[in-house]
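Written out below as C-alpha cells is the structure these notes cover.
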Amino acid sequence: MADGSKEEINVSAPWSWLNWEQMNQGRPSGRAAEYLIYSDAWVIRKEISAGPLHLTLGTAFPDQGNIAPVVTLRIDDHLPEFDVQPMSKTDTAGWLNLTIDDELACLLSLITGARMRAGGMSREFREGEDPRGSAHYHFHQAPTWTPLPLRKRIYPGADSADTQDIETWLSGYHALTREDSVALVRAARQFRDALWIAESDPELSWLFLVSALEGPAGRSAVTADEDPVKIFTTEMTSLAEEVRAGGGDELLRSVSQQLLPIVKATNRFLNFVTRYAPEPPSSRPPEHAQVPWSKLRKKVGQVYSYRSKRLHEGVPFPHPMCERPLESIPVPDEIPAGLAAAKGNAAWVAKDLPMHLHMFGHVVRGCLLNWWAERARG
C-alpha cells in the first residue's frame, strides 16, 4: 500500500473466486500462468474467456480410455503476495485444500458432467519478460489414472463433456457470495471425485455424491421452527406409524423430538433435492427401466438412508446399485433390472434398489447447477 502499512485481505474463499474479486476491485495483473486440465472426455475445440480466465478447449484428445490434457487454462494473477494466515485461532471457513487450477477443474467437471483434474502449471508469463512465456513443469504432474474399458462402465456418460454453456457458468461464478463460492467448490470437488473413482470404487462414489449436496443444502435450509411430529411422520412414515401404534400420540411426540436432529438433517437434504431437482434425462430407456420422476424424493431418500447406514453402521451399499447398468436402447437402464437380486448372503427386492450410480449423479449435478444459477442471480 502507498503508506507502507500492511494490506488486509479476507482470504476465506476459493483462490479462483478471490482472484476474480481482486480483479474487479482494480488490482492489476503482472503475471499469468497456464495450467493443463486432464480428462478422458473428448472436448470440442473452442476458445472461452471469462474475467481473468481464458480456456482453450480440445488441446488434446484422449484415446482408448486414457486421459489427456484436454483443456489449457490461462489465469491472469490478480492476487497480492500473501503472508501466512494469522494463527491466533483455528480458521477453516474457506479451507478447500485445492490449488487455484484444480478449483476450476472441479467447477468444469460439474459444468460439463465429465471427469476433470488439474495437473499443474505448464507455462508462466511475467510482465517485462518474453511475451510468449516460459515453460514451467517443475511441479506439473499428470493425475494418476488407470485406463478404462470403452464400454460397460459403472458410470456411463462421465467421458462425455457438455461444453455448450461453460462461459455462462464461469461468468456467474464471481457473482456468488464468498460463502456460497466455498460451498460450491466444495460440492464440485465431491462431484468430481465421485466421477473420478466411480469405476474403481463405486461405493465411495455414492458417498461423495451424497456429500456433494449437503453443504449447499445446509445453506439453503429453512431455519423456521417446524413441528417435530410432522417432520418425523413425513420422512419416516413406517416407523412413525409403528411408534404411534405402540404408544399413541404422546410416545410419537417424544420420539419425534429425540430424533429431530437426525430426521431434520434428512428432511433438509430431501427438501433441497425437491426444490432444485433437474428434469429427467432427455434420452431415456424404456419405461420399466426408468426412475419414476414423480417419486424422486422417496428414491433419493432411500439413497440417503443407505449412505447413513454405510457411514454409521458399516453396512455396504446394495451390490446391484454398484454394478454396471444393463444397456437398453438407446441408453443404459436407470434402475437395476429384475424383480429382485442377490449377492453372497444378501438379497434385495426391486423397490429397495432406487437407481443406478449414474442416475444419482444426474440428480446431484442438476441440483447443484440449479442452486448455483439461483444464487448467482442473488
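Of the residues making up the range 76-120, those that are over 17 Å from PRO14 (Cα atoms) and assigned to a loop (DSSP other than H, G, I, E, B) are PRO86, MET87, SER88, LYS89, THR90, GLY113, ALA114, ARG115, MET116. Here VAL315 fits the description: surrounded by fewer than 17 Cβ atoms within 10 Å (Cβ to Cβ), at pLDDT 95 or above and aliphatic (A, V, I, L, M). Say whether the condition of being within 18 Å of TRP169 (Cβ to Cβ), in a loop (DSSP other than H, G, I, E, B) and among the aliphatic types (A, V, I, L, M) is met by at least one residue in the range 43-63. Yes, the conditions are met somewhere in the range 43-63.
For the range 146-191, filtering for residues that are closer than 19 Å to LEU55 by Cβ, touching a Leu at 6+ places or on another chain (Cβ under 7 Å) and among the small types (Gly, Ala, Ser) leaves 1.
Looking at the range 239-251, is at least one residue over 30 Å from ASP162 (Cα atoms), surrounded by fewer than 17 Cβ atoms within 10 Å (Cβ to Cβ), of a type in the set (D, E, K, R) and touching a Ser or Thr at 6+ places or on another chain (Cβ under 9 Å)? Scanning the range 239-251 turns up at least one residue that is over 30 Å from ASP162 (Cα atoms), surrounded by fewer than 17 Cβ atoms within 10 Å (Cβ to Cβ), of a type in the set (D, E, K, R) and touching a Ser or Thr at 6+ places or on another chain (Cβ under 9 Å). Among the residues of the range 336-378, those identified as assigned to a strand (DSSP E or B) and small (Gly, Ala, Ser) are ALA340, ALA341, ALA342, ALA346, ALA347.
Look through the range 127-172, keep the residues that are among the β-branched types (Val, Ile, Thr) and assigned to a helix (DSSP H, G or I), and return whichever of them is surrounded by the fewest Cβ atoms within 10 Å (Cβ to Cβ).
Here is the first cut: in the range 127-172, the ones among the β-branched types (Val, Ile, Thr) are 144, 146, 154, 163, 166, 168.
Okay, now just the ones that are also assigned to a helix (DSSP H, G or I), so 166, 168.
Values: ILE166: 22, THR168: 13.
So the residue we want is THR168.
How many residues does the range 185-219 contain that are in a helix (DSSP H, G or I) and under 19 Å from LEU353 (Cα atoms)? Break it down into steps so the answer makes sense when it comes.
In the first step, residues of the range 185-219 are kept if they are in a helix (DSSP H, G or I); the result is 185-196, 202-219.
Next, only the ones that are under 19 Å from LEU353 (Cα atoms) stay: 202-210.
Qualifying residue count for the region: 9.
Inside the range 344-356, residues that are surrounded by fewer than 23 Cβ atoms within 10 Å (Cβ to Cβ) and within 23 Å of the chain's Cα centre (by Cα) make up a count of 1. Could you say which residue among ASP76, ASP40 is assigned by TED's automatic domain parsing to the domain that holds LEU110, at pLDDT 95 or above and touching a strand residue (DSSP E or B) at 6+ places or on another chain (Cβ under 7 Å)? On inspection, the qualifying residue turns out to be ASP76. Looking across THR146, THR59, THR99, one residue alone is of a type in the set (Ser, Thr, Tyr) and either without any contact (Cβ under 8 Å) to a residue 24 or more places away in the chain or touching a Ser or Thr at 6+ places or on another chain (Cβ under 6 Å) (or both). It is THR59. GLU179 falls short on exactly one of the conditions (1) modelled with pLDDT under 95; (2) of a type outside the set (A, V, I, L, M); (3) not assigned by TED's automatic domain parsing to the domain that holds LYS46, and that condition is (3). Restricting VAL222, VAL263 to those that are exposed (fewer than 12 other Cβ atoms within 10 Å of the Cβ), over 17 Å from MET359 (Cβ atoms), at pLDDT below 95 and of a type outside the set (Ser, Thr, Tyr) reduces the list to VAL222. Taken residue by residue, the range 285-295 has no member that is within 20 Å of the chain's Cα centre (by Cα) and modelled with pLDDT of 95 or more. Pairing residues of the range 189-201 that are assigned by TED's automatic domain parsing to the domain that holds GLY65 and of a type outside the set (A, V, I, L, M, F, W, C) with residues that are part of a helix (DSSP H, G or I) and modelled with pLDDT of 95 or more, at Cβ distances under 6 Å and at least 6 apart in sequence or on separate chains, gives ARG189/CYS106; GLN190/PHE208; GLN190/SER211; GLN190/ALA212; ARG192/CYS106; ARG192/SER109; ASP193/PHE208.
The values are calculated or read from the model by the stated rules, or taken from the named source; none is laboratory data. Keep in mind it's a predicted model, so treat the numbers as computed, not measured. Note that each Cβ is placed from the backbone with ideal geometry, even for glycine, and that neighbours are counted across all protein chains shown.
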